[in-house]
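Bear in mind these aren't lab numbers, they're just calculated from the coordinates by the rules spelled out. Just so it is clear, the model here is predicted, and its values are computed rather than measured. Cβ sites come from the backbone with ideal geometry, for glycine too, and all protein chains shown count toward neighbours.
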Amino acid sequence: MKKEKIENLTPTQIVNELNKYIIGQDDAKRAVAIALRNRWRRQQVAEGMKEEIMPNNIIMIGPTGVGKTEIARRLAKLTGAPFYKVEASKFTEVGYVGRDVESMIRDLTELSVNMVKAEQTELVKEKADHLAEEKILDLLIPPVKVPVRTNSDQENSENDEAVRNEKTREWMRGKLQKGELDDKLIEFDTTTAAVGMQVVGPFGMDDMGINIQEIIGNMMPKKKKKRKTTIKEARKFIAQEEAQKLIDMDNVQKEAVRRVQETGIIFLDEIDKVAGNSKGGHGPDVSREGVQRDLLPIVEGSTVNTKYGAVKTDHILFLASGAFHVSKPSDLIPELQGRFPIRVELKSLTEEDFIKILTIPENALLKQYSALLKTEDVVITFEDDAIREIAKTATIVNEEVENIGARRLHTILTTLLEDILFDVPDKMPEAEIKISGNMVNEKLDKIVKNRDLSKYIL
Ligand SMILES: Nc1ncnc2c1ncn2[C@@H]1O[C@H](COP(=O)(O)OP(=O)(O)OP(=O)(O)O)[C@@H](O)[C@H]1O
Ligand SMILES: [Mg+2]
C-alpha cells in the first residue's frame, strides 16, 4: 500500500488494513477508522462550515496488552498525516522539571517538517543527482576555458581541445555512472556547517520555539570547507547539498504547519497515568492534575509557538489510551473527559484470540521465530495442537498469575523455544523442527502447575 493513498481510504478499508495486524477489538478499529475518514471528509467541506467541524477525540480503554498501543502504531504507519505518539506520563505541569505538554505540538510539527522535506527532496532528487554528477566531473576533468580571442587558428585548436575535453568527460561520466570510480578518493568543497560547534542555548530555549542553532548559523559567514571522501560518498553528500539548495524551506515549513493544523494526529498513550485517583492533592498528584489542566487548551484548540511558526491545535485529532486499572476515566478532571467524547473499550483476549494472534498477523510471533531460525537454515513448524496448547497456557497463566494480555505469548514462547534457540546451529544444523502439542506440554506443564515458578518464568 502506498503511503499517500491512506487519506483516501474508506473506513472499511482502514479496518481491513488494521485487521492485518490486530486481532479483534472491532469497536476500537471502527472508531479510529471513522475519526480518520472524518478528517478527509472535513477537507472536502466548504470553508466556513469546515471551521466548525471539530475532531471527535477518542479515548481507548482496556486492560494491558490487548492492542491499544498496537492500533496506534499501525495507524501511524498507515496514515500519511503527521502522527505523533507520546506517553502522557512523560509530561509534567509547567514549572515542574520535565517536558511541558506544548512540546508535543512542537514535536509533531518537527516531524511534519521532516516529512515534507523528505517528500520535496525526493521530488528534486533526480536534478540534485545530476548536479552532483556534473560537480564531480568538474573536479575530475576541469572544463577548458571558453575561448576569448577570435584568432581563427587559435580558436580552432581551442575548439579541438574543448571537443577532446568533452569526450573525456563523457567517457568519465560513463565510468562514474557504472560505479567504477566509487572507491576512488576525491577532495571537494562543502559549504554546510560553517562551524562544527553545537550551540547550547539556555535551558528550555528550544521549548520556547526559538531555534538558536539557526539564528547563530545564519549570523556566521558560510565558510567553505574541504572534505576528502570516496567518490561514492561525495556523490551522496553533494547531491544532498544540492537538494537543500533546490528546496524552498519557507514553503516546506508552511506546508508542514498546514498539515499539522489540518490533518495532524496526536496519540496520547498512558493517559490513565495522569489521572490522580487520590483525593490527597499533594506531591506528584498535584503535578498530574496540572498536566491535565495544561492539556485542556491544547485539546480544545489553542495556538502553540514553534520554531516553524504558530500552530493552531483546533483541528488536531487526539487519540488517548489507557488501561485504567487503578484509576477510572472518571478520575480525569471533568473538563478533560468532556474533550474526549468517544470512548471505546478494548476487550480482554481469549484463547481463540491468542491462536489467531500467534498465526494470522503479518508480524505474528510464530512467523517471527521461523524467520529468525531460517537464517540458520533451520525450518521450524508448529502443529495445530501445539499452537492451541500455547494459547491455552497463556490463558491459564494470565488468569492465575496476572493478566498481561498478548504479551504473555512472548514470555511463553521464549521459555518454550529457549533450548532450540541455544542449540541452533551448533547441535542442530540444518534441522527441521516440528513442535507438537506434547512437546509444549512437556516443556511448560511443570512451570504452569507450580504457581511460584510461573510467576518468575512465564
Ligand atoms: N489484538 C491484538 N492483536 C494482535 N496482537 C496483539 C493484540 N493485542 C496485543 N497484541 C500484541 O501484544 C503486544 C502488546 O500490545 P500493546 O502494546 O498494544 O498493549 P497495550 O494495550 O498498549 O497495553 P498497555 O496498557 O500495557 O500499554 C503488541 O506488541 C502486539 O504484538
Ligand atoms: Mg500501551
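For Thr10 and Lys225, the FRET efficiency from 1/(1 + (r/R0)^6), where r spans their Cβ atoms and R0 equals 60 Å, is about 0.70.
For a modelled paramagnetic label at Arg451, 7 Å from Cα along Cα-to-Cβ, the residues of the range 373-410 in reach, with backbone nitrogen under 19 Å, are 393-404. Using a/c under 1.5 as the rounded threshold, could you call the chain rounded, prolate or oblate? The axes a ≥ b ≥ c are square roots of the C-alpha gyration tensor eigenvalues, and prolate needs a/b larger than b/c, oblate otherwise. Because a/c hits 1.5 or more and a/b fails to exceed b/c, the chain counts as oblate.
Most exposed first by the Cβ proxy, i.e. fewest other Cβ within 10 Å, how do Thr12, Thr415, Thr393 rank? Before the final figure, lay out the partial values.
Working: Thr12 11, Thr415 16, Thr393 26.
Ordered by Cβ neighbours within 10 Å, fewest first: Thr12, Thr415, Thr393.
Ordering 178-185, 68-75 by mean Cβ neighbour count within 10 Å, with the highest value first, yields 68-75, 178-185. Counted by neighbouring Cβ atoms within 10 Å, the residues Asp385, Asp138 run from fewest to most as Asp138, Asp385.
Using C-alpha pairs under 8 Å with a sequence gap of at least 6, the mean separation divided by the residue count of the chain gives a relative contact order of 23 percent. Charge tally around Glu270: other residues with Cβ under 12 Å, Lys/Arg +1 each, Asp/Glu -1 each, net +2.
Quick one: angle between helix 365-374 and the longest Cα principal axis of the chain, in degrees between 0 and 90, rounded to 10, please. Between the helix axis and the principal axis of the chain, the angle is about 50 degrees. Helix 437-449 sits at what angle to the longest principal axis of the chain, using alpha carbons and giving 0 to 90 degrees rounded to 10? Helix 437-449 and the main axis of the chain meet at about 70 degrees. Excluding same-chain residues fewer than 8 positions from Lys224, which lysines have a Cα within less than 21 Å of its Cα? Hits, sequence-local ones excluded: Lys135, Lys232, Lys236, Lys245. Ranking Ala431, Leu421, Ala364 by Cα position along the charge dipole of the range 351-445, where only Lys, Arg, Asp and Glu carry charges on their C-beta atoms, puts Ala364 farthest toward the positive end. So which lysines pass the test for Lys307, namely a Cα distance under 19 Å, with those fewer than 8 places away in the same chain ruled out? In chain and number order, the partners are Lys117, Lys254. Taken about its Cα centre, the range 351-445 carries a charge dipole of roughly 240 debye when the Cβ of each Lys and Arg holds +1 and the Cβ of each Asp and Glu holds -1.
What shape does the range 351-445 have by the C-alpha gyration tensor, where a ≥ b ≥ c are the square roots of the eigenvalues, rounded means a/c under 1.5, and otherwise prolate means a/b greater than b/c and oblate the rest? Intermediate results must be reported in sequence, preceding the final value.
Values: a/c = 1.99, a/b = 1.64, b/c = 1.21.
Since a/c reaches 1.5 and a/b is larger than b/c, the shape of the range 351-445 is classed as prolate.
Of the cross-linked pairs Lys184/Lys225; Lys90/Lys312; Lys374/Lys443; Lys127/Lys228; Lys68/Lys427, those separated by over 29 Å at the C-alpha level are Lys68/Lys427.
A simple charge model with +1 on the Cβ of Lys and Arg, -1 on the Cβ of Asp and Glu and nothing else charged puts the dipole of the chain at about 640 debye relative to its Cα centre. Once the Cα-Cα distance is subtracted from the 0.36 nm per residue extended length, the Arg164 to Glu233 segment shows a gain of 22.0 nm.
To the nearest 0.05, what FRET efficiency results for Ser330 and Thr191 with a Förster distance of 51 Å applied to their C-beta separation?
On the way: r = 59 Å, r/R0 = 1.15.
Efficiency, from the Cβ-Cβ distance: 0.30.
I'd like the distance between the alpha-carbon centres of the range 7-77 and the range 408-428, rounded to an integer number of Å. After rounding, the separation between the Cα centres reads 37 Å. Think of the chain as having a plus end and a minus end, set by charges on the Cβ of Lys, Arg, Asp and Glu; of Leu346, Thr306, Ala239, Thr306 sits farthest toward the positive end of this dipole.
Electrostatic tally near Val379: other residues with Cβ closer than 11 Å to its Cβ, Lys and Arg +1, Asp and Glu -1, net -2. Taking every DSSP bridge with both residues inside the chain, close to 30 percent are antiparallel.
Partner aspartates and glutamates whose Cα lies under 13 Å from the Cα of Lys77, excluding those fewer than 8 positions away in the same chain, are identified as Glu4, Glu7, Glu17. List residues of the range 326-356, by number, whose backbone nitrogen lies under 17 Å from a label position 7 Å along Cα→C-beta of Glu400. Answer for this model: 351. Extension gain, Lys77 to His130: 0.36 nm times the residue separation minus the Cα-Cα distance gives 15.9 nm.
For n ≥ 4 DSSP H runs only, could you compute -39500 (n - 2.57) per run for the chain, divide by its residues and tell me the 222 nm figure to the nearest 500?
On the way: 17 runs with 242 residues, N = 458.
About -17000 deg cm²/dmol.
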